[in-house]
């Protein structure tokens, strides 16, 4: 039995209205998923999976929803070559630092502008939740998005990060064309 913890305030999102999100996940994976709303624990029997990668995908989807992603964005992880990366802001500012809010704001940007630029130029989904920044993307997009977030958390100016993303955008397009052939 595999158990994944999610923040209690995100359990409702994981279950969905009338249980639709949980039901959809069960239908797509063929696994029975149990949610303990009191403890914020999600469990399933990984031995019942036909595909050995399925339990890992379910864990990532549950973690993604727990880190603030909408279920529709988290379901992208069911596809091949799609990954979740969770970056801890504490690694940049230290535990208990009063800089956490400032760093979160740097990644989100004014009115969500910075996060939107990263998502649009790279093709990933980004969520800033608690003391983490989470990214959903494929193996080509992920290193670019991770570097951009790392630059922001390390103190690079926004303009520098935007220039980096613009340069990488051409490389991403070429790589995508290679996948479509």
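Would you order 82, 38, 166 from fewest to most other beta-carbon atoms within 10 Å of each residue's own beta-carbon? Show your work: numbers first, answer last.
Details: 82 19, 38 8, 166 11.
If I rank by nearby Cβ atoms, fewest first, I get 38, 166, 82.
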Which of 149, 93, 62 fluctuates most in a GNM of the chain (C-alpha springs under 10 Å)? That residue is 93
Most fluctuating of 53, 31, 152 in the GNM of the chain (C-alpha, under 10 Å) is 53
Listed with the fewest Cβ neighbours within 10 Å leading, 158, 125 appear as 158, 125
Most exposed to least, judged by fewest other Cβ atoms within 10 Å, 75, 44 sort to 75, 44
Taking Cα atoms only, helix 113-122 is inclined relative to the longest principal axis of the chain by an angle, in degrees rounded to 10, of 80 degrees
Cα extents of the stretch 82-180 per principal axis, largest first, Å, are 46, 26, 20
Rounded to the nearest 10, the angle in degrees between the Cα long axis of helix 141-153 and the longest principal axis of the Cα atoms of the chain comes to 60 degrees
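At 222 nm, what value in deg cm²/dmol follows for the chain if DSSP H runs of at least 4 each add -39500 (n - 2.57) and the sum is divided by all its residues, to the nearest 500?
Rounded to the nearest 500, it is -15000 deg cm²/dmol.
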For the stretch 2-78 (alpha-carbon point model, no solvent) the Debye-based log₁₀ I(q)/I(0) at q = 0.13, 0.15, 0.18, 0.22 Å⁻¹ works out to -0.31, -0.42, -0.61, -0.95
With the convex hull built on the alpha-carbon atoms of the chain, volume per residue in Å³ sits at 128 Å³
Candidates 98, 88, 138; GNM for the chain (alpha-carbon contacts under 10 Å) flags as most fluctuating 98
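Bear in mind these aren't lab numbers, they're just calculated from the coordinates by the rules spelled out. Owing to the predicted nature of the structure, the values given are computational and were not obtained by experimental measurement. Please note: Cβ atoms are built from the backbone with ideal geometry, for glycine as well, and neighbour counts cover all protein chains shown.
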